[in-house]
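For reference, the structure discussed in these notes is given below.
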Amino acid sequence: MNRVYKIDEWRIIEEGFHPEFNRESESIFSIGNGYMGQRANFEEEYSGDSLTGSYVAGVYYPDKTRVGWWKNGYPEYFAKVLNAPKWIGIDICIDNKPVDLSSAKIISFTRILNMREGYLERKFAIAVEGTKTLEFIARRFLSMSEPDAGVIKYSIRSVDFTGKIEATVYLDADVRNEDANYGKKFWRVISREINHEHGIIIARTLKTDFHVATGMCFSFLKNGKGINISTNLIDRDKYVGNVFSEKIKPGDEYTIIKYVSVLSSLNNPKEDLMDDVKKRLKEISSKGFDMLFSAHIKEWERIWKASDIVIEGDVAAQQAIRFNIFQLNQTYTGKDERLNIGPKGFTGEKYGGSTYWDTEAFVLPFFLKTADQKVGRNLLLYRFKHLQASIKNAEKLGFKNGAALYPMVTMNGEECHNEWEITFEEIHRNGAIAFAICNYIRHTGDDEYLAGYGLEVLIGISRFWSQRATWSENLKKFVILGVTGPNEYENNVSNNWHTNTMASWTMSYTIEGLLKVQKEAPDKYREIISKTGFDFPVETSLWQRIIDNLHMPFDDRRKVFLQQDGFLDKELMGAEKIPSGERPINQHWSWDRILRSCFIKQADVLQSLYVFEDKYDTETIRRNFDFYEPMTVHESSLSASIHSILASRIGYIEKAYELYLRTARLDLDDYNNEVGDGLHITSMAGTWLAIVEGFGGMRIHEDKVHINPLIPVQWKSYSFHARFRGILFEVKVNHKEIIIRNLSDKKLTIVVYGREYKIAVSENKAINQGVTRSRTE
């Protein structure tokens, strides 16, 4: 664990420059707006270790798969969201010497991510000519109100230096992805333009032929007043720039305001990009920095009103949860059903920026409870639109009759993960996508989604499960062989309990859905039956046989569900037996040793107990938690949050708090020594759930909100906002009472510790009873 950043409720603060942690800080201080994102690379030249990263949502390249042993059905490429043309560039020279913090004599350095208002600010001072001082302030944001706009305000002030400063304001399309499989560059510049008012580069991606126009314009100020400065032009293959130079003397401050627009062919016709980006540059720059920044701040005010969590008495926990909420909201806004959320969001290249099952299992519940209904709906529509590609994925593996296997990794519905044990085996992802439909309808009451879109997806997935299960004469049961569960430290196992649970539930829920749509929307039902060629009696009869006879591994002695067949053949021991110098084991052990061990990467059996918690009593959950959690090394970012929620459920408050801090500060304190590659965006949703569903005990049962709050002794109080079917409400919990505030124009029905309350519009309801006890008492 590395605690480099100061503890503050609303800000992430780095005091003093730490080049050895620069990649980590570039990830931590990343900014985005759902349309594009930017790592916290410096504006000026930096020759030290850095992972440059600017990303445009939905723009990707199919990088040819690099494997030693090709297998039938193997994806031909790994989709990668590309490092896009660099828009932040402002190089500075002082008396013809470049400012480079890798070699400069740094007097002071502070970097601040302001999460309340959504901007990055960097202040530093350097020594020049031995003892003279120059001070720099750079503030930038990606506008939440104008998604194509990025703005930088970059100031240089002389304390006691007299000399020449030269600034080059530029765009650079000569960029690469560090993770490129074959070292290729993925962009080709097709046009560029540079004059004294603006610079523009239009580049296209190889193969996918996305076009991205990056345009800049700028203004100059001296001592706070606008000035006209003549510039020299740079125009070369993939680079355009404007250079200006001025004399600076003690007390002078020069400021560059750089306005940028980034447009892609996802939203603008290719032939119009040049004209469109020029138009947008005029519109953006005419508003000026202050107006743009004010509108941006108002958007963040709106977001925080619906999603903030307030913790009293624990600033480290407060900072962490706001960091997680901030990153989630700047990664995805839900305005475009073609977009989704990659595990690293806009903060790094790892995982390709593509979509995983993390979205449905972790991120969707966050947005269902914090955002407008259309945000969750668009996440589901993303998968609906990939149904035909998912049917083709299954066909490549030999499945028939419209069976659908949703991809483990995708940008367009086509599977593109390049590890066989994941691509072919980690099929539990299908269950997560099916359950997301149920979860969405449960939260929103949008029953029309089932008939309009969801049922077709459920039919395709259930057809896959019915073909993936085989009959075992030995067991006289159906079995599902050769899989990898959520615990990726096990491969090619049989009858993974979570996978089998998701398969059985999906087929059962699909049968329910078919009957519901048949009854409530008969015309739509007939349309779906015809479109899918569905044979109700034949197919549902097979599904029911599998449901009734699917092998579910169980240990009769311990009364726990077994992660898979043969799990008890392992040498069972707690993770505390692993020497600290060998953690994380995925960075120190051979894969053979990991596979033979009992150690668990993330919740597996416990993942199902979380999803279907209402089907199991407290004792069953506790027995399984007590058996599996001690063997869990939590080396997946998705692990600690699920364990924290379940620990709260069974009354293990201290354990829940310990795991909450781990998941909440996973990136801020770099628990797994990997933040330099980017943040764990999708797992951040689990952090929010650890408070709302964990400590807050929020569930949806029988069309009502239920809460069963606990509070850690370390906290004086906590409060969270949540939505249910268009009703926004706030729950505040302290050690004496629960206060529920209805923030909507409709009455809220809520069940607290099993007792139902009606909360009128704008009413605050205080429920006076202690909340620190175990829920099992």
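Each of GLY345, LEU368, GLY413 was placed along the dipole of the stretch 328-416 (beta-carbon charges, centred on the mean Cα), and the one lying farthest toward the positive end is LEU368.
Of all accessible surface on the stretch 348-397 at a 1.4 Å probe, what whole percent is carbon and sulfur? Before the final figure, lay out the partial values.
Values: 760 of 1530 Å².
Carbon with sulfur: 49 percent of the solvent-accessible area.
With the convex hull of its Cα atoms as the shape, the stretch 156-227 has an orientation-averaged projected area of 7.7 nm². Note on the stretch 2-24 and the stretch 510-547: Cα centroid distance 55 Å, given to the nearest whole angstrom.
Working from label points 7 Å from Cα in the Cα-to-Cβ sense, the LYS270 to LYS570 distance is 5.0 nm. Note on the chain: Rg/Rh from Cα positions, Kirkwood definition for Rh, rounded to two decimals, is 0.98.
Dividing the Cα radius of gyration of the stretch 2-95 by 2.2 N^0.38 Å, with N the residue count, gives 1.44. Using only Cα atoms, locate the centre of the stretch 103-145 and the centre of the stretch 254-283, then give the distance between them in Å, rounded to an integer. That distance is 26 Å. Distance between the C-alpha centres of the stretch 327-391 and the stretch 721-766: 28 Å, rounded to the whole angstrom. Eigenvalues of the alpha-carbon gyration tensor of the stretch 464-594, scaled by 5 and square-rooted, set the equivalent ellipsoid semi-axes at 39, 17, 13 angstrom, largest first. Once the mean of 1/r is taken over each pair of separate Cα atoms and inverted, the stretch 231-327 shows a Kirkwood hydrodynamic radius of 18.2 Å.
Would you calculate, for the chain, the mean residue ellipticity at 222 nm contributed by helices, counting each DSSP H stretch of 4 or more residues as -39,500 (n - 2.57) and dividing by all residues, to the nearest 500? Intermediate values should be presented prior to the final figure.
Values: 18 runs with 228 residues, N = 777.
About -9000 deg cm²/dmol.
Ranking ALA685, GLY696, LEU638 by Cα position along the charge dipole of the stretch 615-703, where only Lys, Arg, Asp and Glu carry charges on their C-beta atoms, puts GLY696 farthest toward the positive end. Think of the stretch 91-203 as a dipole: +1 on every Lys or Arg Cβ, -1 on every Asp or Glu Cβ, centred on the Cα centre; then among MET144, THR131, ALA173, THR131 lies furthest on the positive end.
If the only charges are +1 at each Lys and Arg Cβ and -1 at each Asp and Glu Cβ, what is the size of the charge dipole of the stretch 233-373 around the Cα centre, to the nearest 20 debye?
Details: 20 positive and 22 negative charges, 55 e Å.
Charge dipole of the stretch 233-373: 260 debye, to the nearest 20.
Put simply, when 326-339, 735-748 are sorted by average Cβ atoms within 10 angstrom per residue, most first, you get 326-339, 735-748. Taking a straight line from the alpha carbon of LYS105, these lysines sit under 22 Å away, with near neighbours fewer than eight places off in the same chain left out: LYS97, LYS123, LYS132, LYS164, LYS247, LYS249.
Full extension of the chain segment joining LYS400 with GLU737 gains 115.6 nm, where the gain is 0.36 nm per residue of separation less the Cα-Cα distance. Carbon and sulfur together cover what percent of the accessible area of the stretch 624-777 at a 1.4 Å probe radius? So the carbon and sulfur contribution to the accessible surface is 45 percent.
If R0 is 25 Å, what FRET efficiency do you get for ASN768 and HIS706 from their C-beta distance, rounded to 0.05? E between ASN768 and HIS706, to the nearest 0.05, is 0.85.
Label point of ASP535 set 7 angstrom out along Cα-Cβ; within the stretch 388-409, amide nitrogens under 18 Å from it belong to 399-404. Maximal additional length on extending the SER219-LYS335 stretch stands at 38.6 nm, based on 0.36 nm per residue less the C-alpha distance.
Under a model in which nothing but the beta-carbon of Lys, Arg (+1) and Asp, Glu (-1) is charged, the chain shows a dipole of about 1060 debye around its Cα centre. For the stretch 444-542, the solvent-accessible area of protein heavy atoms averages 39 Å² per residue (probe radius 1.4 Å; ligands and nucleic acids excluded). With protein chains left intact and a 1.4 Å probe, residues in the stretch 1-140 average 38 Å² of accessible area per residue.
Per residue, what accessible area does the stretch 603-734 have, given a 1.4 Å probe and all protein chains present, in Å²? Before the final figure, lay out the partial values.
Values: 3240 Å² over 132 residues.
About 25 Å² of surface per residue is accessible.
Were the residues from ILE106 through ASP179 laid out at 0.36 nm apart, the gain over their Cα-Cα distance would be 23.1 nm. For LYS287, the lysines whose Cα comes closer than 18 Å to its Cα, not counting residues fewer than 8 places off in the same chain, are LYS153, LYS225, LYS258, LYS278, LYS279, LYS298. Under 18 Å from a point placed 7 Å out from the Cα of ASP372 along the Cα-to-Cβ direction: which residues of the stretch 331-345 have their backbone N that close? Zone members listed by number: 331-340. Share of carbon and sulfur in the accessible area of the stretch 493-587 stands at 49%, probe radius 1.4 Å. All Cα-Cα separations within the stretch 54-126 were binned at 5 Å from zero, giving a P(r) of 3, 10, 11, 12, 13, 12, 10, 9, 8, 6, 3, 1, 0, each value a whole percent of the pairs. Taken over the stretch 343-455, the alpha-carbon convex hull comes to 99 cubic angstrom per residue.
Given R₀ = 22 Å, what would the calculated FRET efficiency be for LYS524 paired with GLN544, taking r from the Cβ atoms and rounding to 0.05? Before the final figure, lay out the partial values.
On the way: r = 23 Å, r/R0 = 1.06.
Taking R0 as 22 Å, the efficiency between LYS524 and GLN544 is 0.40.
FRET efficiency for the SER472 to LYS298 pair, using the beta carbon distance and R₀ = 45 Å, is estimated at 0.15.
The values are calculated or read from the model by the stated rules, or taken from the named source; none is laboratory data. Here the structure is a predicted model, which means the values were calculated and not measured. Glycine gets a Cβ as well: all are built from the backbone with ideal geometry, and neighbour counts include every protein chain shown. In case anyone asks, the SASA skips ligands and DNA or RNA and just uses the protein heavy atoms, side chains included. Shrake-Rupley method; radii C 1.70, N 1.55, O 1.52, S 1.80 Å.
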